[in-house]
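The values are calculated or read from the model by the stated rules, or taken from the named source; none is laboratory data. In this text the structure is predicted, and so the values were computed from the model without any measurement. Cβ atoms come from the backbone with ideal geometry, glycine included; neighbour counts cover every protein chain shown.
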Amino acid sequence: MQYKLVVLDMDGTLLDNSHNVSKANTAVIRRMKRGGTSVVLASGRPYESIYPYVKHLGINSPIIAANGALIKNPLSSEIHYSSGLPNNLASEIIEYGQKNKYPISLYFDGEVHTFNENMVKVHWELEKINARLTNKVESEKDLYKIIFASTPQKIEETFKYLERKYKEKLYITRSDDIYLDVMNINVSKGKALEQIIDMLQISSQEVLVMGNSFNDVAMFEVAGFSIAMDNSPQEVKDAADFVTKSNNDDGVAYALDRFVDIG
């Protein structure tokens, strides 16, 4: 089918385990762009960490950042949508994380703050972001996302607890088995995708999405066709229409060559 929009998650999907875009994935994206198919990157990462990849790939479509808390145009820097956490709920989540000794990071517009020295290194290695080590919250800034980091077992337990407690108040998901993400209730990658579909004036059936983690399932529920990576948890694979090769085996290129009329 000639899909008009392809939406790609980054870590564990478009990027290999070294956080690089392979030659095969780069080539297929550039071919799609020349053929008139729009490509959107959708990630839990902050905008500043996604932009270098967009520039490398020559993509000019809006970026979905922080799990959909921010939609921003990479050409004009226009913000199409942003939604920060309510201060009172953010304070509750941060207090809970500190009480339970989680490494915590906070995503603001243009900045990442963390209370944990080791997370400064993690953000640089993963996102090439210079996170600011701090011991207080900058309450005057819009806080897009709170991250807890821990073992898969502890993240799973905490996800179930917080998701149940704040089900009607906050959007809580996992961008990886070791990261729990907390955002505004009006935020998700799926809701951000709905907005981009409206902006482009296309139908959901003309959209193909690819992802590998729990936060991508919200996009699977919106798009006409969804693809999970072979390195995805089984729950994510079960939610998809097709399972492609892993992120280390050019799974993006393999699937797009198979399902998109690239030309």
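So here's what we get for this one:
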read-out	value
Sole residue being in contact with a strand residue (DSSP E or B) (Cβ under 9 Å, 6 or more places away or on another chain), aliphatic (A, V, I, L, M) and buried (at least 18 other Cβ atoms within 10 Å of the Cβ), chosen from 39, 28	39
Number of the condition not met by residue 196 [criteria: (1) at pLDDT 95 or above; (2) more than 25 Å from residue 123 (Cα to Cα); (3) in a loop (DSSP other than H, G, I, E, B)]	(3)
Test: residue 163 is touching a Lys or Arg at 6+ places or on another chain (Cβ under 6 Å) and either surrounded by fewer than 18 Cβ atoms within 10 Å (Cβ to Cβ) or within 30 Å of residue 21 (Cβ to Cβ) (or both)	no
Residues (part of a loop (DSSP other than H, G, I, E, B) and surrounded by fewer than 20 Cβ atoms within 10 Å (Cβ to Cβ)) located in the stretch 84-105	86, 100, 101, 103
Residue list for the stretch 42-65, filter: surrounded by fewer than 23 Cβ atoms within 10 Å (Cβ to Cβ) and of a type in the set (D, E, K, R)	48, 55
Tally, over the stretch 226-247, of residues that are under 18 Å from the mean Cα position of the chain (by Cα) and either in a strand (DSSP E or B) or surrounded by 21 or more Cβ atoms within 10 Å (Cβ to Cβ) (or both)	8
Meets criteria (in contact (Cβ under 8 Å) with a residue 60 or more places away in the chain, more than 18 Å from residue 62 (Cβ to Cβ) and not assigned by TED's automatic domain parsing to the domain that holds residue 242) for residue 166	yes
Residues (on the phi > 0 side of the Ramachandran plot and at pLDDT 95 or above) located in the stretch 205-263	250
Residues located in the stretch 118-133, provided they are under 15 Å from residue 102 (Cβ atoms) and exposed (fewer than 12 other Cβ atoms within 10 Å of the Cβ)	118
Conditions (1) loosely packed, with under 13 Cβ neighbours inside 10 Å; (2) on the phi < 0 side of the Ramachandran plot; (3) without any contact (Cβ under 8 Å) to a residue 60 or more places away in the chain; number of the one not met by residue 201	(2)
Matching residues in the stretch 172-198 - criterion: being of a type in the set (Val, Ile, Thr) and either within 21 Å of residue 142 (Cα to Cα) or touching a residue at least 40 places away in the same chain (Cβ under 8 Å) (or both)	172, 173, 182, 185, 187, 196, 197
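Let's see how each residue does on (1) surrounded by fewer than 20 Cβ atoms within 10 Å (Cβ to Cβ); (2) polar (S, T, N, Q); (3) out of contact with any Pro (no Cβ under 7 Å at 6 or more places or on another chain); (4) within 19 Å of residue 246 (Cα to Cα):
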position: 184; (1), (2), (3), (4): no, yes, yes, no
position: 195; (1), (2), (3), (4): yes, yes, yes, no
position: 206; (1), (2), (3), (4): yes, no, yes, no
position: 210; (1), (2), (3), (4): no, no, yes, yes
